[in-house]
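The values are calculated or read from the model by the stated rules, or taken from the named source; none is laboratory data. On a predicted model such as this, the values are computed, not experimentally measured, just so you know. Note that each Cβ is placed from the backbone with ideal geometry, even for glycine, and that neighbours are counted across all protein chains shown.
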C-alpha cells in the first residue's frame with residue numbers, strides 16, 4: 001500500500017474513531033466519576049497546540065495548559081501533578097522525572113511528533129503507560145520539503161542568493177553557478193520508510209534513473225517495482241548515489257554514521273540531504289567535506305544541535321542549505337498531528353489501543 005493511500009485511510013479512520021472515542025470515553029468517564037467524583041485531567045504541554053486537538057480533548061476532559069514558551073520545566077513539573085493523560089506538544093524531555101511528578105494515576109501519553117528520541121521509552125514501558133505518536137500524517141509535508149532541499153542544494157540556491165546580496169551578479173559567464181542535474185541520477189536513501197518512499201515517488205517525476213536504499217529490512221517487492229528501488233549495503237549506497245537522502249530515525253546504530261569515512265566514499269559531485277535527525281551526521285566532518293569540496297553540497301532541515309547557533313561554521317559555507325527543522329510546518333499537517341495525538345490520549349484513557357501507538 002503506498003504512503004498516500006495509508007494516509008487517506010488513516011484520516012478516514014480518525015473520523016470513525018472520533019465517534020467511537022466518544023462512546024469509549026463516556027463509559028470510562030462514568031467509571032472515573034463513580035470512583036473519584038472527578039473527570040479525567042489531561043495536561044497539554046505547549047501553548048500553541050492547534051485548536052483542532054484541543055477541541056477534541058475539551059469535549060471529554062479537563063485541560064491543564066502549560067503556558068510558558070519555551071517550556072519552563074518547573075511549570076511543567078508542577079502542573080503535571082495528578083493528571084490522567086498527557087498531550088506532549090513539544091520536544092521537552094519526557095523521562096522519569098516527569099512521570100514521577102505526574103504520579104501513578106497517569107495512564108495515557110501521546111506526543112505530537114513522529115520521532116520520539118526525546119522520550120525515555122523504556123521508562124514508560126516499565127510503568128505500563130501506553131505511548132502514542134503521529135507518524136505518517138506528516139509524510140507529505142516532509143517529502144515536499146526534502147525535494148525542495150534536493151533542488152536547492154543541487155542548483156546552488158544559497159550561493160546564488162549571496163551573489164545577489166553582495167552585488168556579484170556575474171551572468172556574463174557561460175559556466176556561472178552550474179549545478180548538478182536530478183535527471184538520470186541515482187538517488188540513495190538511508191532509511192526508506194513512509195517518508196523516504198514519499199520522497200522517492202516525487203523524484204520519479206524528475207526522471208531519475210534509479211533508487212537505492214539501505215535499511216535493515218527489505219521493503220515489499222511491489223514498492224521496489226513502483227519506485228525503481230533496490231536494497232544495497234551502506235558502502236554501495238555511498239559509492240553509487242548522486243543524491244543521498246537521510247530519512248532514518250536516530251538510534252544508537254544510526255548516530256554519527258555519516259562521518260569523514262562515509263564522506264570519503266561518496267562521489268565528489270554528490271549531494272547530501274538530511275530530513276531525519278541531526279545527530280545521524282557528524283557535523284564537523286560534514287563541514288570539512290563541504291569546505292574542501294569532497295562532496296558537492298548539502299541540504300539540511302535538521303542539525304546538531306537545534307537550534308543551531310547563528311555563528312556556527314556550517315552557516316558560512318556557500319554549498320550548505322540549512323533550514324530550522326520546518327519539515328512538517330504546514331497548517332494542515334500540524335492540525336492533523338494534533339488531531340491524532342488527541343485521539344491517542346483519549347483511547348489510552350479509555351483503556352483501548354491507541355490510534356497510532358509508538359510501541
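What to note about this one:
- Every residue from the range 196-209 that is crowded, with 17+ Cβ neighbours inside 10 Å and in a loop (DSSP other than H, G, I, E, B): 208
- Residue match in the range 257-267 (condition: surrounded by fewer than 21 Cβ atoms within 10 Å (Cβ to Cβ), in the same structural domain as residue 197 (by TED's automatic domain parsing), touching a helix residue (DSSP H, G or I) at 6+ places or on another chain (Cβ under 6 Å) and within 22 Å of residue 142 (Cα to Cα)): no
- Residue tally, condition surrounded by fewer than 18 Cβ atoms within 10 Å (Cβ to Cβ) and either outside the structural domain of residue 270 (by TED's automatic domain parsing) or within 25 Å of residue 234 (Cβ to Cβ) (or both), over the range 182-195: 1
- Residue match in the range 145-153 (condition: assigned by TED's automatic domain parsing to the domain that holds residue 299 and under 14 Å from the mean Cα position of the chain (by Cα)): yes
- Count of the range 167-195 residues which are in contact with a strand residue (DSSP E or B) (Cβ under 9 Å, 6 or more places away or on another chain), closer than 20 Å to residue 216 by Cα and part of a loop (DSSP other than H, G, I, E, B): 2
- Residue 243 being surrounded by 15 or more Cβ atoms within 10 Å (Cβ to Cβ) and closer than 26 Å to residue 158 by Cα: yes
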